[in-house]
Structures are given as structure tokens and as C-alpha cells.
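These notes concern the structure reproduced below.
The values are calculated or read from the model by the stated rules, or taken from the named source; none is laboratory data. These numbers were taken from a predicted model, which means no experiment stands behind them. In this analysis, Cβ positions are derived from the backbone assuming ideal geometry, glycine residues included, and neighbour counts consider all displayed protein chains.
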Amino acid sequence: MRHHLYNSDFSFVVEPENFDKYTERELLQYCLGATMYMPGTKDFAPKILSGAMPGLTTIVLCFEDACPEERVPEAEENVHKLLDTVTSAVENGALSPQRVPLIFVRVRNLEQFKHFGENLTKHQVKSLCGINFPKFNAENGYEYYAYLKDLNERFGEILYGMPIIEDPEVAYKETRMQELVGIKKILDKYHDLVLQVRVGGTDFSSVFGVRRGVDYSIYDIMTVRECLSDIINVCGRNNDYVISGPVWEYFRAPKRLMFEELPKHNFEDYLMKRLPIVNNEVDGLLREVILDKANGFVGRTVIHPTHIKFVNALMAVTKEEYDDACMILGNQQGGVVKGSGLNKMNEIKPHTNWATKIYMRARAYGVIENEAAYIKLFAVNE
């Protein structure tokens, strides 16, 4: 799999790298990008086999919120069949391994996870990248990861776990830090099995009876912003874990991307000054991804296929960022040096964590010439 395959003619300064579930974790954790959720009942195998969605790199088949409880057995059967179909297609040469997206399942609870796991086969696990754990907290977390470790040992394969931090105990200020510290201890114990930490912006919002409008960012909702800030504070120190952004709920898919006027100056300036680029729904998503990057999030959950290319395009790194990151990581002497754009200082030690994140994003999403190239990267009609 590789990012931006929907735009095969785009010219990168540095091409994004190929990846699959067996890519080293240090890089793979940055590669998920726009992670699309869909009901576990959906037969998605035909779209994977046909390559119908070239921009799609990561999918989550959901047994929880997107699946009525009475249909969970049907969903489990469907996912087992899908995994068998994909693995068989790769083995018989009908599907290139490079065209298999990272496939995850979001389980409903620990009991349902174990039921699903007991019916897994080694053949199916070859196409399964991992498990998403909903409502992950300091009480249920150990059991989730202990059973995941058992599955890895049983199959001699790699299955990653991705906790979704969305529990009311994290939303409530008086219990948040104790809960997050407890979660962090679990993640540290099973560090090599943690691919990403995911967050539930919608669940946090529901606790307080609020919902961001299309003209607002999740960062404008004060109570939710505090939750996200503390999650980054506890789990994102020193790049301990890659944390993805919450879902954007609005979509209006234009049949064709048409621009009356391309930005004449900084792309981010256009968005932050609310000058229109695509439409309200897409522009709102783009603004929020810019704020994700500013706050240290990488990628995000998406619920609509039209969002994929916008999120992944903005994960690409500009040449100036990349040159600065390489300069910092390649300097063994420390101190301060002038940035590649001659417009900033690069302080070697304080900027090393930033440079590491930029370099890994560059490997995953590629390097583009400048901010104007973001639009060239996503402005294609599939």
C-alpha cells in the first residue's frame, strides 16, 4: 500500500514509501492516515479486490456503534469471510499485496473480542492488521491487551491494538488525570503492540451535550479541547505514541472539484481566514486537520470516503519542513542553526522530537514542494 495512489501523476520531491502490516512499527504507526470506519456487516471485499478506492489505505470494520447488537454475529461472519477472501486473492496472485489496505476491526467489548478471536484462523490473520478497543480505560485495558498478546502468540503473527480513549472518566475533569495515567501504564506494558492511540471527539462532546457546527473546529469546544490536550500531554510526550485526530462529522461531496480561484498566497492563511476553497464541509475538515498537525495529531478517523484524500494530502510534508527536519536530525553537535528557508532558527535538541515526527510523516506521505502543492495533490477527480 502507498498513499496518494488516486493521483498517480503527482510529482513529489520525495516519494512516499510503500507499507503493509509487516512494516516496522516505528514507521507503520505514522502510515494509517485517514482511517475509514464502516459497519462490519458491509461486504467490502469486492472493492478491495477491484481497487475501486485507490486512495483508501486503512479501514476499520466496526462491530460497535456502526453495527446493531442483533447483527453482530452476521458482522463477525462477514469479516471472517472478507479476511479469507483477501488472503486467498493475494496467495493466488489475483491481488497484489501492495493493494491490500490495513484492515482493523473495532470490537464491541471484551467478551465479543474473545468470541471473534476464537473463530479467527491463521489464514485470516494474514490480512488483519489489528483490533480497535472502544471505551478503553484503566480497568478493561489490561484484559484487552492480554488477550491480544495471546492471539499473537497463538498465530505467530502480528496483530496490533489501538485503544480508543473516549470514556466518560476521561471526559470528567476530576477523574481524567488518574484515568490517563492508568491507561498510559497499560500502553507502556504492551508498548510494541500499540500501533496508535485514537480519541473519541464525538463521545466526549456527548458527555457535555454539545456538538460542533460545520463552521467550528473541535478545538473550539472548550471541554473537549481540554480532554484532547490532556491525552496529548500524557500519551504524546517524547513521541511515545502516535495519536490520531477525532472524526469530522460533515460531508458534502462535490461531483467535481472546481476552483473559482486558487489561493494566491499561503494555503493555511486562506483556510484560517475562512476564504473559500472547496465548500463549507471540506474547508472545515481541512481547517481541523491543520489544527491537528499544530497540536501533534497524525491522521484521523473518517466516516466518508470523500474525506480520505483531503486528510492524507495534508499529512504530506513541505520541502522546507523536510529540509529542516533532516538538518536537525543530522546535526550531532547541538546548538542553533539557521533554518533552510532562512526564516527561522533550528534549535537542535528542543526541535528533535518535532523533526523526528516530520521525517516519519515524510516517509509515509511524501514531500511536496510547498503549501500550494497541497491543492494540486488533492484536487483530482477520481
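Pick from 53, 38, 1: which is of a type outside the set (Ser, Thr, Tyr), surrounded by 15 or more Cβ atoms within 10 Å (Cβ to Cβ) and either over 29 Å from residue 322 (Cβ atoms) or under 14 Å from the mean Cα position of the chain (by Cα) (or both)?
After applying the criteria, what remains is 38.
Kindly evaluate residue 90 against the criterion of being free of Cβ contacts under 8 Å to residues at least 40 places away in the same chain and among the aliphatic types (A, V, I, L, M).
Judged against the criteria, residue 90 is a match.
Can you pull out every residue in the stretch 1-56 that is of a type in the set (A, V, I, L, M) and more than 22 Å from residue 286 (Cα to Cα)?
1, 13, 14, 27, 28, 45, 48, 49, 52
For the stretch 199-229, which residues satisfy the criterion of being touching a Gly at 6+ places or on another chain (Cβ under 9 Å) and closer than 19 Å to residue 180 by Cα?
Hits for the stretch 199-229 are 199, 201, 224, 227, 228.
Just for the stretch 73-102: of the residues that are β-branched (Val, Ile, Thr) and touching a helix residue (DSSP H, G or I) at 6+ places or on another chain (Cβ under 7 Å), which one is farthest from residue 41 (Cα to Cα)?
Looking at the filtered set, the residue picked out is 90.
Take the residues of the stretch 323-382 that are over 23 Å from the mean Cα position of the chain (by Cα) and among the small types (Gly, Ala, Ser): which is nearest to residue 13 (Cα to Cα)?
Only one residue tops the list, namely 372.
Can you tell me which condition residue 136 does not meet? The list is (1) in contact with a Lys or Arg (Cβ under 7 Å, 6 or more places away or on another chain); (2) closer than 23 Å to residue 39 by Cβ; (3) hydrophobic (A, V, I, L, M, F, W, C), and all the others hold.
The one condition residue 136 does not meet is (1).
Does at least one position in the stretch 356-368 carry a residue that is part of a loop (DSSP other than H, G, I, E, B), surrounded by fewer than 18 Cβ atoms within 10 Å (Cβ to Cβ) and either at negative phi or of a type in the set (D, E, K, R) (or both)?
The answer is no, given that none of the residues of the stretch 356-368 is part of a loop (DSSP other than H, G, I, E, B), surrounded by fewer than 18 Cβ atoms within 10 Å (Cβ to Cβ) and either at negative phi or of a type in the set (D, E, K, R) (or both).
Being at pLDDT below 95, of a type in the set (Ser, Thr, Tyr), more than 28 Å from residue 129 (Cα to Cα) and assigned to a loop (DSSP other than H, G, I, E, B), is that true of even one residue in the stretch 201-222?
yes
Of 380, 337, which residue is farther than 25 Å from residue 219 by Cβ, of a type outside the set (S, T, N, Q), outside any helix (DSSP H, G or I) and without any contact (Cβ under 8 Å) to a residue 24 or more places away in the chain?
Every option except 337 fails the conditions.
Find all pairs meeting these conditions: Cβ atoms under 9 angstrom apart; at least six residues apart or on different chains; first residue within the stretch 180-192 and closer than 17 Å to residue 153 by Cβ; second residue of a type in the set (A, V, I, L, M).
190/146; 190/148
Considering only the stretch 291-310, state which residues are over 10 Å from the mean Cα position of the chain (by Cα), buried (at least 18 other Cβ atoms within 10 Å of the Cβ), among the hydrophobic types (A, V, I, L, M, F, W, C) and assigned to a loop (DSSP other than H, G, I, E, B).
Passing the criteria: none in range.
Out of the residues in the stretch 112-169 that are of a type in the set (Lys, Arg) and within 26 Å of residue 48 (Cα to Cα), state the one that is farthest from the chain's Cα centre (by Cα).
Result: 122.
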